[in-house]
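This report concerns only the one structure given below.
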Amino acid sequence: MNILLLGSGGREHALAWKLAQSSLCDKLFASPGNPGVAHYAELVALDVTDHGAVLAYCEAQRIGLVVVGPEAPLVDGLADSLRAAGVPVFGPSKAAAQLEGSKAFTKELCARHAIPTAGFKRVTSADEGLTALDSFPIPVVIKADGLAAGKGVTVAMTRAEAETALAEIFDGRFGAAGAEAVIEEFMEGEEASFFALTDGHTVVPFGSAQDHKRVGDGDTGPNTGGMGAYSPAPVLTPLLEGEALERIVVPTVRAMADEGMPYSGVLYAGLMLTPEGVKLIEYNCRFGDPECQVLMLRLEADLGELMLAVAENRLAALQPPRFSADTALTVVIAAQGYPDTPTAGGAIAGIARAEAGGAKVFHAGTRLEGGALVASGGRVLNVTARGNSVGAAQAAAYAAVDMVDFAEGFCRRDIGWREVVREQRG
Ligand code: AMP
Ligand code: GLY
């Protein structure tokens with residue numbers, strides 16, 4: 001069958017690489033893709049907000065499966081339009097994508113179904129927020145309700161910071177995403193990401209990861225989309241993973257089906273491992289970026305087969321996916337200035353050299369300029385490698401990073417540090 005993959009980042013390069021290996025994949029198309037995706041796919045410029053245009057393209061190219069990488073088209077209902085026309089799609093409906101698209105929706109769902117998460121209050125004005133703040137201890141967490149490109153969350157260490165965050169949300173900093181805010185109790189613990197595939201009924205675990213959100217070594221500086229990740233995350237022990245599945249993910253999938261909005265696709269649960277047990281921080285309705293890159297490097301199953309089974313509601317009939325026991329670790333090379341104002345246009349070379357030792361270099365923000373590869377985004381490359389420990393994967397990834405020639409780029413030098421320290425302690 002022909003497959004159409006939507007998105008343009010490192011996540012989509014990793015998905016394209018795996019989909020191209022699928023026994024079901026005749027021809028892969030991608031929109032808009034990037035120069036890395038172009039190794040495996042024919043690129044096409046589609047306007048994903050124009051559902052009719054995407055449908056027409058699917059019909060013209062006889063697309064048998066659409067894979068939606070990023071959240072925005074899902075929250076916008078693209079999967080509904082495709083499904084209504086009979087095109088199999090990997091990704092949730094608009095109603096189900098509210099799990100990412102509205103923090104308040106998810107918190108209310110958790111409350112209705114006793115799913116463990118931080119206590120919360122919804123507020124619709126700064127004044128209401130200020131009053132509500134009185135009932136929360138500090139630190140406290142303030143979130144814009146809607147999609148805010150990862151920038152809508154403030155962990156406020158003082159009341160003043162919390163007040164500023166509320167004022168910014170209701171001053172319109174996040175547009176419609178800030179029409180409502182959620183105030184949350186601060187949870188203490190280590191974070192881990194847990195992924196599950198579901199067709200709305202069957203749920204299969206799809207690996208764990210930990211990412212590094214801060215821009216600087218030692219987890220310092222401003223938040224980013226993620227400066228690196230590794231999988232699996234040993235902190236999410238089999239016992240804790242079981243707890244997350246039984247108390248959080250499965251009840252969520254069941255609740256969504258019971259409430260008439262079955263969730264289909266990958267469900268990405270951001271978890272806090274607290275002294276009182278595993279709690280949900282948030283859901284995403286798509287793969288993480290760069291978490292997807294490390295999952296794909298470990299996946300030993302046919303991704304196309306899995307995604308089509310999800311799209312066609314027959315996940316139960318498949319063998320559960322297998323992952324290598326190795327650790328995969330990815331280092332994001334970003335353009336100088338990221339996350340504020342990344343420098344565009346920096347020349348990139350040395351990718352083939354970096355891959356010669358077995359690493360994979362996924363393109364996250366690159367473009368071709370007169371045949372030469374240059375930077376075109378904040379996060380530019382994801383240098384990804386495997387090893388039989390986090391330390392070994394880290395060493396392999398950084399050896400490959402050092403082969404890349406990108407003078408206007410930078411990366412963190414400590415991706416995986418928490419786990420490397422634990423390994424060294426034994
Ligand atoms: P989110 O976009 O909801 O994942 O939030 C971004 C980050 O803020 C998370 O990865 C956590 O580090 C932090 N965070 C969000 N909610 C909480 C909470 N209730 N308690 C502590 N930290 C939180
Ligand atoms: N790396 C975090 C995310 O994809 O949301």
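The values are calculated or read from the model by the stated rules, or taken from the named source; none is laboratory data. On a predicted model such as this, the values are computed, not experimentally measured, just so you know. Virtual Cβ from ideal backbone geometry, glycine too; neighbours counted across all protein chains shown. Note: areas computed on protein heavy atoms with side chains; ligands, DNA, RNA excluded. Shrake-Rupley method; radii C 1.70, N 1.55, O 1.52, S 1.80 Å.
Using the rule -39500 (n - 2.57) for each DSSP H run of four or more residues, divided by the residues of the chain, the 222 nm mean residue ellipticity is -8000 deg cm²/dmol.
Of the solvent-accessible surface of segment 1-81, computed with a 1.4 Å probe and all protein chains present, 51% belongs to carbon and sulfur. With a 1.4 Å probe rolled over the protein heavy atoms of all chains, the accessible area of Trp417, Trp17 falls in the order Trp417, Trp17, largest first. The figure for Thr158 is an accessible area of roughly 60 square angstrom, using a 1.4 Å probe on the protein chains alone. Restricting attention to the chain, close to 80% of DSSP beta bridges with both partner residues there are antiparallel.
In plain terms, the chain from Met1 to Ser324 could stretch by 113.6 nm, reckoned as 0.36 nm per residue minus the Cα-Cα distance. For the chain, the pair-distance distribution built from all alpha carbon pairs, in bins 20 Å wide starting at 0, is 26, 61, 13 percent. Put simply, the Cα atoms of segment 143-260 extend 42, 41, 22 Å along their principal axes, the longest span coming first.
On full extension, the segment bounded by Glu423 and Val250 gains 59.1 nm, given 0.36 nm per residue less the C-alpha separation. Per-residue surface analysis assigns Arg254 an accessible area of about 140 Å², computed on protein heavy atoms at 1.4 Å probe radius. Can you give the FRET efficiency for Thr343 and Asn313, using 1/(1 + (r/R0)^6), R0 = 60 Å, r = Cβ-Cβ distance, to the nearest 0.05? Result of the calculation: an efficiency of 0.85. Per residue, the accessible area of segment 22-168 comes to 42 Å², computed with a 1.4 Å probe over protein heavy atoms only.
By a 1.4 Å probe calculation restricted to protein chains, Asp171 has an accessible surface near 130 Å², given to the nearest 10. Counted over all Cα-Cα pairs of segment 208-293, pairs farther apart than 22 Å make up 33 percent.
Rounded to the nearest 20 debye, the dipole size of the chain about its Cα centre is 680 debye, using +1 on the Cβ of Lys and Arg and -1 on the Cβ of Asp and Glu. In the context of the full set of protein chains, segment 176-310 has a per residue accessible area of 31 Å² (1.4 Å probe). When a 1.4 Å probe is rolled over the protein heavy atoms, the share of accessible surface on segment 101-175 that falls to carbon and sulfur comes to 55 percent. Expressed as a whole percent, the accessible area of segment 226-379 that falls on carbon and sulfur atoms is 51 (1.4 Å probe). Normalised by 2.2 N^0.38 Å, where N is the number of residues, the alpha-carbon radius of gyration of segment 1-98 equals 0.97. Structure note, pairs Lys213/Lys360; Lys94/Lys279; Lys121/Lys279; Lys18/Lys279: Cα-Cα distances above 27 angstrom occur for Lys18/Lys279. Label point of Ala372 set 7 angstrom out along Cα-Cβ; within segment 330-348, amide nitrogens under 19 Å from it belong to 335-336, 343-348. Classify segment 330-404 as rounded, prolate or oblate, taking a ≥ b ≥ c as the square roots of the eigenvalues of its Cα gyration tensor: rounded when a/c is under 1.5, otherwise prolate if a/b is larger than b/c and oblate if not. Taking the square roots of the gyration eigenvalues as a ≥ b ≥ c, segment 330-404 is oblate. When the chain is treated as a Gaussian network with alpha carbon springs shorter than 10 Å, the biggest mean-square fluctuation among Ala311, Ala354, Ala395 belongs to Ala395. Ordered from largest to smallest accessible area (heavy atoms of protein chains, 1.4 Å probe), the residues Cys58, Cys411 come out as Cys411, Cys58.
For a distance above 20 Å, tell me the whole-number percent of Cα pairs in segment 241-369 that qualify. Roughly 63 percent, once rounded to a whole number.
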